[in-house]
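Remarks on the structure that follows.
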Amino acid sequence: MRDLRKDYVLDKFVVVPPMSDQVSEEKSKEREVKLRDNSQKCRYCPGNESMTEPALLALVVKDGMMQRLTDSEDNVVEEWSVRVFESDNPIVTTSSLPATTLYTDRPLYSEPAYGYHQIVVAAPGHNDKFSQLSVEQWTNVLVVLQDRIRWLYTQKSVTYVSIYINSGLDQDVSSAHPHLNILTFSTIPPTIDLEAEGFHKFMNENGNCPACSIMSVESSGPRQVLATDSFLAFCPWAPTYPYEFWIFPKRHITVFSKITQKEINDLALMLRATLGGMSKALKDAPFNLVFHLSPEKKNSKQIHWHIEVYPQVNGWSGLERGFGVYVNNIKPEKSAEILGSACRKELASLVGIT
Ligand SMILES: [Zn+2]
Ligand SMILES: [Zn+2]
Ligand SMILES: [Zn+2]
């Protein structure tokens with residue numbers, strides 16, 4: 001198990017390999033050999049299920065009905081639409097604590113990096129990009145995410161469930177296969193903590209939710225990218241990345257796992273249209289997509305949940321890395337104009353308006 005360390009003074013998390021861990025060193029060597037031997041084979045493709053951990057959830061869609069199945073010792077579920085299993089290179093684990101993992105105090109704070117790390121393969125097709133999946137397939141993915149979130153929050157030591165996509169930032173043949181990562185932590189990650197604090201302060205001072213008032217400002221404004229029945233996509237006023245955009249549910253809701261089936265369908269359409277439009281406007285630029293959700297266990301840290309998308313079109317300089325000041329060479333109003341036009345076209349073709 002790795003260690004989760006905090007900075008001397010800042011609330012910054014860093015996950016590092018343990019001081020000395022024979023087992024994990026051997027395991028990572030084993031993994032390297034395995035990866036080299038199978039370097040041309042994608043572990044996430046149908047037919048290669050035995051190369052991953054058993055499926056914790058395999059969603060099979062038959063005659064419009066969703067079946068939630070799991071692999072057993074003598075049966076591997078085939079013909080799946082979405083498949084979830086434990087990562088074979090986990091950042092956090094639930095395996096028993098090795099003796100080397102210590103809890104220590106500041107300034108050298110560390111704790112075991114305990115948690116679940118699951119991979120969600122978003123579609124059977126190796127080349128099914130997130131920007132090209134069908135809206136139905138996106139719906140299947142979102143249903144699986146809700147299922148996983150609900151299950152993970154019933155587990156002890158799960159304080160926060162983080163969900164993210166790295167797309168086009170491939171390290172091996174499998175990482176090119178569309179997939180999401182789900183990672184849990186026993187503490188709330190710093191960015192969520194900061195956002196929740198900001199929300200709380202705004203609520204106290206203004207009596208309403210900041211996201212709800214941001215949406216009344218951004219809706220139909222110069223930074224709007226796309227609007228559907230239940231969701232609004234816009235480029236934020238002060239984006240960290242060029243072409244960054246956020247997707248918010250229009251109604252005030254803090255818990256993603258409680259959104260309705262109708263909202264799921266609408267979100268699937270929104271994601272497909274914006275990612276499709278973005279990939280055309282930015283020529284398939286790599287991106288990260290993150291879900292910023294409230295923690296679901298009894299907690300005062302609540303945010304109006306949302307999705308943030310960070311296209312990766314240029315690198316950072318010393319100013320960004322060293323001072324937290326971001327220089328953006330494109331105005332968010334201009335980004336919204338470019339993305340908006342591409343995303344509206346995409347939406348029109350998806351809903352059959354030409
Ligand atoms: Zn594949
Ligand atoms: Zn709100
Ligand atoms: Zn956020």
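The values are calculated or read from the model by the stated rules, or taken from the named source; none is laboratory data. What you are looking at is a predicted structure, and each value in this text was computed from that prediction instead of being measured. Quick reminder, even Gly has a Cβ in these numbers, built from the backbone with ideal geometry, and neighbours come from all protein chains shown.
For this structure, a couple of remarks:
- Count of segment 198-213 residues which are closer than 23 Å to Phe13 by Cα and either in contact (Cβ under 8 Å) with a residue 60 or more places away in the chain or within 16 Å of ligand 1 (Cβ to nearest atom) (or both): 2
- Looking across segment 54-91, the residues that are within 16 Å of ligand 1 (Cβ to nearest atom), buried (at least 16 other Cβ atoms within 10 Å of the Cβ) and of a type outside the set (A, V, I, L, M) come down to Trp80, Ser81, Arg83, Phe85, Ser87, Asp88.
- Qualifying residue in segment 24-42 (condition: modelled with pLDDT of 90 or more and either under 30 Å from Val143 (Cα atoms) or of a type outside the set (Ser, Thr, Tyr) (or both)): yes
- Remark: Ser230 matches the filter, which requires a residue to be crowded, with 17+ Cβ neighbours inside 10 Å, more than 16 Å from ligand 3 (Cβ to nearest atom) and either within 19 Å of the chain's Cα centre (by Cα) or among the small types (Gly, Ala, Ser) (or both).
- Unique residue being acidic (Asp, Glu) and either under 24 Å from Leu347 (Cα atoms) or under 14 Å from the mean Cα position of the chain (by Cα) (or both) when the list is Asp147, Asp172, Asp128, Asp74: Asp128
- Scan of segment 265-288 for residues that are surrounded by fewer than 20 Cβ atoms within 10 Å (Cβ to Cβ) and more than 15 Å from Glu346 (Cβ to Cβ), ordered by number: Asn265, Ala285, Pro286, Asn288
- Complete set of residues in segment 183-213 that are assigned to a helix (DSSP H, G or I) and buried (at least 16 other Cβ atoms within 10 Å of the Cβ): Ile192, Glu195, Ala196, Phe199, Phe202, Pro210, Ala211
- Options Ser216, Ser175; residue that is of a type in the set (Ser, Thr, Tyr), within 16 Å of ligand 1 (Cβ to nearest atom), without any contact (Cβ under 8 Å) to a residue 60 or more places away in the chain and in a helix (DSSP H, G or I): Ser175
- Gln118 vs. criteria surrounded by fewer than 17 Cβ atoms within 10 Å (Cβ to Cβ) and more than 20 Å from His306 (Cα to Cα): no
- Selection of segment 215-238 for residues being hydrophobic (A, V, I, L, M, F, W, C) and more than 22 Å from Asn265 (Cα to Cα) yields Val217, Cys235, Trp237, Ala238.
- Any chance Cys235 is of a type in the set (A, V, I, L, M, F, W, C), under 21 Å from the mean Cα position of the chain (by Cα) and within 15 Å of ligand 3 (Cβ to nearest atom): yes
- Enumeration of residues in segment 291-327 that are touching a residue at least 60 places away in the same chain (Cβ under 8 Å), closer than 20 Å to Trp237 by Cβ and either within 16 Å of ligand 2 (Cβ to nearest atom) or surrounded by 17 or more Cβ atoms within 10 Å (Cβ to Cβ) (or both): His292, Ile303, His304, His306, Ile307, Glu308, Val309, Tyr310, Pro311
- Count of residues meeting criterion [among the aromatic types (Phe, Trp, Tyr) and closer than 19 Å to Asn89 by Cα] in segment 180-199: 1
- Checklist (1) of a type outside the set (Ser, Thr, Tyr); (2) in contact (Cβ under 8 Å) with a residue 12 or more places away in the chain; (3) not in a loop (DSSP other than H, G, I, E, B) applied to Trp151, failing item: (2)
- Among residues of segment 154-172 being in a loop (DSSP other than H, G, I, E, B), in contact (Cβ under 8 Å) with a residue 40 or more places away in the chain and in contact with a helix residue (DSSP H, G or I) (Cβ under 7 Å, 6 or more places away or on another chain), the one that is farthest from Met51 (Cα to Cα) is Val158.
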